[in-house]
Amino acid sequence: MAEQHSVEIRHLDLDFGAVKVLQDLNLDIHEGEFLVLLGSSGCGKSTLLNCIAGLLEPTDGQIFIKGRNVTWAEPSDRGIGMVFQSYALYPQMTVRGNLSFGLKNAKVPKAEIEKRVNRAAEILQIQPLLDRKPGALSGGQRQRVAIGRALVRDVDVFLFDEPLSNLDAKLRADLRVELKRLHQQLENTMIYVTHDQVEAMTLADRIAIMKGGQIMQLSTPDEIYNRPRNKYVADFIGSPSMNFLDGHLENHVFKRGDLVMPMTGYEFAAPKVADRKATIGIRPEHVITGELVQGAPVKSEILVDVVEPMGSDTLVWGNMGDRPFRLRMDGNARVKPGERLPIGIDPSRASLFDASDETRL
Amino acid sequence: MSDIGMLNTVKAAEDPVRRRLDSGPRGARPKRALSRGNIILYGTLLVVSLYYLLPLYVMIVTSLKGMPEIRAGNVFAPPMEITFQPWVKAWAEACTGVNCEGLSRGFWNSVRILIPSVILSITIACISGYTLSKWKFKGSDLFFTILIVGAFIPYQVMLYPIVIMLREVGNTLGVQLFGSLTGLVLVHSVFGMPILTLLFRNYFASIPDELFKAARVDGAGFWGILFRIMLPMSLPILVVAMILQVTGIWNDFLFGVVYTRADSYPMTVQLNNIVNSVQGIKEYNVNMAATLLTGLVPLFIYFVSGKLFVRGIAAGAVKG
Ligand SMILES: Nc1ncnc2c1ncn2[C@@H]1O[C@H](COP(=O)(O)OP(=O)(O)O)[C@@H](O)[C@H]1O
Ligand SMILES: [Mg+2]
């Protein structure tokens, strides 16, 4: 092994009866990495996390943590700590009891328990809450205690299953930043499940996009956003989502009716991509508007349908020919429904996909 | 802050629409205490409670009267001279057949049946309910279905086969099961199993799986999770199970008659024997006192745990 892997997953299969939830899944997670598993609901993220935790038995495949094969190990012997969406605090125990439960089970000496609980409470700033019951805490405080429960056990890998989904938007943003800070401070490996792309983009060192029990793309947030490997990933990431236009690629020029787009500056996957039916994807926020249209490599126009002013920016929903087309403009932009809006497109920031297998060209 | 408040008040006072609104109805709508609905509701409740309470009243007053007064008077009249003699006689002297020890022997028999049966049945049902909801194994749902089907088989069908089973198993092990209290305890425990297991399974199923998973990550095992996580959250359902079992087993007559002998009859069977004794005159006051004595245990349980009972039923019954 050239690089130290914290968690390695080899050919993992998991069936619930006839339903194949995970299929031949492979994943290597680096030491100290913050990896986010991102996907729509029901794609198998929690299932994968539960397999890593040892709470579900895989049908086939192997799991290694720190180079040790833990496929058959008990959850408590894997060096993992887990934080759940519903907090899952033991309701009849105080915060202190919740934090020390795992240590007591591991027969850690009393003085050491005391020390570790206090340290975790300090890191998470929950010292004043130690003698309260979970019922007397707010959602944010509860989730901090739940994180503390993993923290005290000095685990190698933190597993998070949508830990912020039950919190309101403001608290979610605060705790997100705290989690990031915690990761910078602890430098543990963290595997974080979410369906929220903002959480994924902001927290992750790398993101694994999942669909139907398989990993579609495993890359840095930047790579996922700018160079999605296929149309699914391109569509999934970004809000509002990417505009797709079907057409033909001829000699590295994308054509669709009047729209002729020489793909200058676009990084093709191969030096020479053969002519074929293709789909071009353009992010709403990469569409050029206003005075800059003059200098744009490719010019076109859309018919404005609905305008949504959002304060910081303006979303414009329109049509290019018979295709819906969205774009994001400056907050001060003055656009009216029914207007013909000239736009510019920069092919170097677009994504080009094969029309049949939907992979990036 | 206060300036803005004042400004609003001033504005409101000047606003004609506001003034019009002020004159109309405002706040909660007043309700009449003596509406027709209320009269019907409370009237019905009153009649129903009288219907249930009157027999109890008759029993209590009769048990406190002497025989001459009973023969002379009206059943509803309160006792002219209160006597506890019938209660003493029912407890310690009333005769069934040849022995005249009163109900006391039956009471202690019932206690000796009740305590082990309740503990055994609740313990087993609690563990199986926990297993069937949180540690599912291959075929656990089938197992549960079979158990529930067991609840629908009429007791009468099983009476005699169980007699044979108790006798044969007893012979094999060299202990007396048929006709002994031990045998009856086993029978009560087995018959309590379907409903109690259902009760516990549903209650534990309503405890979130994530809590259970968190405990496993924290290194707690099968028993650790049961004793330190699940049971401390289970007081309401334990109370419900206890009430069901205490009253059910205490009030049992059929199994008591079938599976025990005369010297180990439970209280209910002995009560029947006292009340239906054919020798001598009918002592209504003693019979009433005996009946009340027999009913005291379930009555006591209901009074002590009524509130918890309702809470537990609500908690255990919601999730299927
Ligand atoms: N215990 C189970 N039995 C059968 N199917 C399940 C079970 N748990 C999850 N599934 C199915 O597996 C799929 C993946 O579930 P999950 O991993 O929870 O998805 P998510 O990505 O939303 O966390 C879903 O389609 C779900 O219906
Ligand atoms: Mg999930």
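The values are calculated or read from the model by the stated rules, or taken from the named source; none is laboratory data. Worth saying up front: this structure is predicted, and the values here are computed from it rather than measured. No Cβ is skipped: glycine too gets one built from the backbone with ideal geometry, and neighbour counts run over all protein chains shown. Just so you know, the surface numbers come from the protein's heavy atoms only, side chains and all, with ligands and any DNA or RNA stripped out. Shrake-Rupley method; radii C 1.70, N 1.55, O 1.52, S 1.80 Å.
Per the helix-only calculation at 222 nm, which mean residue ellipticity applies to chain B, given -39500 (n - 2.57) for every DSSP H run of n ≥ 4 and division by its residues, nearest 500 deg cm²/dmol?
About -23500 deg cm²/dmol.
How would you order A:80-90, B:35-45 from highest to lowest mean count of nearby Cβ atoms within 10 Å?
Details: A:80-90: 24.3, B:35-45: 10.2.
Averaged packing, sorted descending, gives the order A:80-90, B:35-45.
State the extension gain, in nm to one decimal, for the chain segment bounded by B:Gln85 and B:Arg32, taking 0.36 nm per residue of separation less the distance between their alpha-carbons. Each step should come with its number before you reach the end.
On the way: separation 53, 0.36 × 53 = 19.08 nm, distance 5.12 nm.
Extra length available between B:Gln85 and B:Arg32 comes to 14.0 nm.
Just from its helices, what would the mean residue ellipticity at 222 nm be for chain A, if runs of 4 or more DSSP H residues each count -39500 (n - 2.57) and the sum is divided by every residue, rounded to the nearest 500 deg cm²/dmol? Intermediate values should be presented prior to the final figure.
Working: 8 runs with 86 residues, N = 361.
Roughly -7000 deg cm²/dmol at 222 nm, from the helical runs in chain A.
Which residues' amide hydrogens lie under 5 Å from the amide hydrogen of A:Thr314, considering only partners 5 or more residues apart or on another chain, with H built in the peptide plane?
Those qualifying (amide H under 5 Å, at least 5 residues apart or on another chain) are A:Met329, A:Asp330, A:Gly331.
Work through the residues other than A:Lys133 whose Cβ is under 12 Å from its Cβ and net out their charges, Lys, Arg +1 and Asp, Glu -1. Walk me through the numbers on the way to the answer.
On the way: positive: A:Arg96, A:Arg132, A:Arg142; negative: A:Asp131.
Within the 12 Å Cβ shell, the charges total +2.
Among DSSP bridges having both ends in chain A, what percentage is antiparallel? Round to the nearest 5.
On the way: 61 of 79 bridges.
Roughly 75 percent of the beta bridges in chain A run antiparallel, per DSSP.
Tell me the relative contact order for segment A:5-234 as a rounded percent, counting alpha carbon contacts under 8 Å between residues six or more apart. Kindly include the intermediate steps, with their values, before the conclusion.
Details: 428 pairs, mean separation 65.1, N = 230.
Relative CO of segment A:5-234 lands at 28 percent.
How well do other chains shield peptide A:96-105, expressed as the mean number of their Cβ atoms within 10 Å of each residue Cβ? Walk me through the intermediate numbers first.
On the way: counts 0, 1, 2, 0, 1, 8, 6, 2, 5, 7.
Partner Cβ neighbours, averaged per residue: 3.
Out of the total accessible area of segment B:30-83 (probe 1.4 Å, heavy atoms of protein only), what percent is carbon and sulfur?
Roughly 74 percent, rounded to a whole number.
Excluding residues fewer than 8 places away in the same chain, name every one of the aspartates and glutamates whose C-alpha is closer than 19 Å to that of B:Lys65.
In chain and number order, the partners are B:Glu81, B:Glu93, B:Glu283.
Considering the options B:Cys95, B:Asn109, B:Ala33, tell which one lies farthest towards the positive end of the dipole of segment B:32-148, charges being +1 on Lys and Arg and -1 on Asp and Glu at the Cβ, about the Cα centre.
Toward the positive end, the furthest listed residue is B:Ala33.
Enumerate the amide H contacts of A:Ala208 below 5 Å, restricted to partners 5 or more residues apart or on another chain; note that Pro and chain-start residues carry no placed amide H.
Answer set, sorted by chain and number: A:Val36, A:Leu37, A:Leu38.
For A:Met82, list long-range residues whose amide hydrogen, built 1.01 Å from N in the peptide plane, is under 5 Å from its own amide hydrogen.
The list, which skips near neighbours in sequence, is A:Leu159.
Calculate, for the protein assembly as shown, the solvent-accessible area per residue in square angstrom, rolling a 1.4 angstrom probe over the heavy atoms of the protein chains. Kindly include the intermediate steps, with their values, before the conclusion.
Details: 35780 Å² over 681 residues.
Normalised by residue count, the accessible surface of the protein assembly as shown is 53 Å².
Once neighbouring chains are kept in place and the probe is 1.4 Å, which whole percent of the accessible area of segment B:104-316 is contributed by carbon and sulfur?
Working: 7390 of 10290 Å².
Of the solvent-accessible surface of segment B:104-316, carbon and sulfur hold 72 percent.
Using a 1.4 Å probe on the protein heavy atoms only, what accessible surface does A:Asp131 show? Give it in Å² to the nearest 10.
The accessible area of A:Asp131 comes to roughly 110 Å².
With a 1.4 Å probe and all protein chains left in place, how much of the accessible area of segment A:240-354 comes from carbon and sulfur atoms, in whole percent? Intermediate values should be presented prior to the final figure.
Values: 2950 of 5930 Å².
The value for segment A:240-354 is 50 percent carbon and sulfur by accessible area.
For the protein assembly as shown, what is the charge dipole size about the Cα centre, in debye to the nearest 20, if Lys and Arg each add +1 at the Cβ and Asp and Glu each add -1 at the Cβ? Don't skip to the answer; put the middle values down first.
Details: 71 positive and 64 negative charges, 451 e Å.
Computed charge dipole of the protein assembly as shown: roughly 2160 debye.
Working from Cα positions, state the angle (0 to 90°, nearest 10) between the long axis of helix B:36-63 and the longest principal axis of chain B.
Result, in degrees: 20.
Return the value, in Å² to the nearest 100, of accessible area buried between chains A and B (probe 1.4 Å, both sides summed).
Values: alone 17310 and 20160 Å², together 35780 Å².
Rounded to the nearest hundred, the buried surface is 1700 Å².
Filter chain A for me: DSSP H helices, axial length by Cα at least 15 angstrom, mean Kyte-Doolittle hydropathy not below -1.0. List them by residue number.
Details: long enough: A:95-105 (16 Å, -0.22); A:110-124 (21 Å, -0.56); A:139-152 (20 Å, -0.10); A:169-186 (25 Å, -0.65).
Helices meeting the criterion: A:95-105, A:110-124, A:139-152, A:169-186.
Calculate the radius of gyration of the Cα atoms of chain A to one decimal place, then report Dmax, the largest Cα-Cα distance, as a whole number, both in Å.
In order Rg, Dmax, the Cα atoms of chain A give 24.3, 76 Å.
What angle, in degrees between 0 and 90 and rounded to the nearest 10, separates the Cα long axis of helix B:235-251 from the longest principal axis of the Cα atoms of chain B?
Value to nearest ten degrees: 30.
Ranked highest first by the average count of other Cβ atoms within 10 Å around their residues, in what order do B:55-61, A:16-22, B:119-125 fall?
Working: B:55-61: 14.1, A:16-22: 12.6, B:119-125: 18.9.
Packing proxy ranking, top to bottom: B:119-125, B:55-61, A:16-22.
Could you tell me which of the pairs A:Lys45/A:Lys66; A:Lys20/A:Lys180; B:Lys138/B:Lys307; A:Lys231/B:Lys213 are separated by over 32 angstrom between their Cα atoms in the structure shown?
Values: A:Lys45/A:Lys66 21 Å; A:Lys20/A:Lys180 34 Å; B:Lys138/B:Lys307 38 Å; A:Lys231/B:Lys213 36 Å.
Result: A:Lys20/A:Lys180; B:Lys138/B:Lys307; A:Lys231/B:Lys213 exceed 32 Å.
Hey, what angle do you get for helix B:104-134 against the long axis of chain B, alpha-carbon based, 0 to 90 degrees rounded to 10?
The angle comes out at about 50 degrees.
Name every cysteine in chain B that ends up alone, with no second cysteine's Cβ under 4.7 Å, or say none.
If one checks each Cβ against the other cysteines of chain B, B:Cys126 turn up with nothing under 4.7 Å.
Per residue of B:144-157, what is the mean number of Cβ atoms on other protein chains within 10 angstrom of that residue's Cβ? All intermediate terms of the calculation are to be shown ahead of the outcome.
Working: counts 0, 0, 0, 0, 0, 0, 0, 0, 0, 0, 0, 0, 0, 0.
Per-residue shielding by partner chains comes out at 0.
Suppose we compare each residue of segment B:196-225 in its chain alone and in the full protein complex with a 1.4 Å probe; which ones drop by at least 50 Å² of accessible area?
B:Glu210, B:Leu211, B:Lys213, B:Arg216, B:Val217, B:Asp218
Suppose accessible area is computed on protein heavy atoms with a 1.4 Å probe; arrange A:Glu187, B:Glu168 from highest to lowest. List each step's numbers first, then the result.
On the way: A:Glu187 135, B:Glu168 90 Å².
Result, largest first: A:Glu187, B:Glu168.
Just want to confirm a number: the relative contact order over segment B:30-83, from Cα pairs under 8 angstrom separated by 6+ residues, in percent.
On the way: 21 pairs, mean separation 15.7, N = 54.
Across segment B:30-83, relative contact order equals 29 percent.
In whole Hz, what ³J(HN,Hα) sequence does segment B:200-212 give by Karplus (6.51, -1.76, 1.60; θ = phi - 60°), x for Gly and Pro?
So the J values, rounded to whole Hz, are 5, 4, 5, 5, 5, 5, 7, 7, x, 4, 5, 5, 5.
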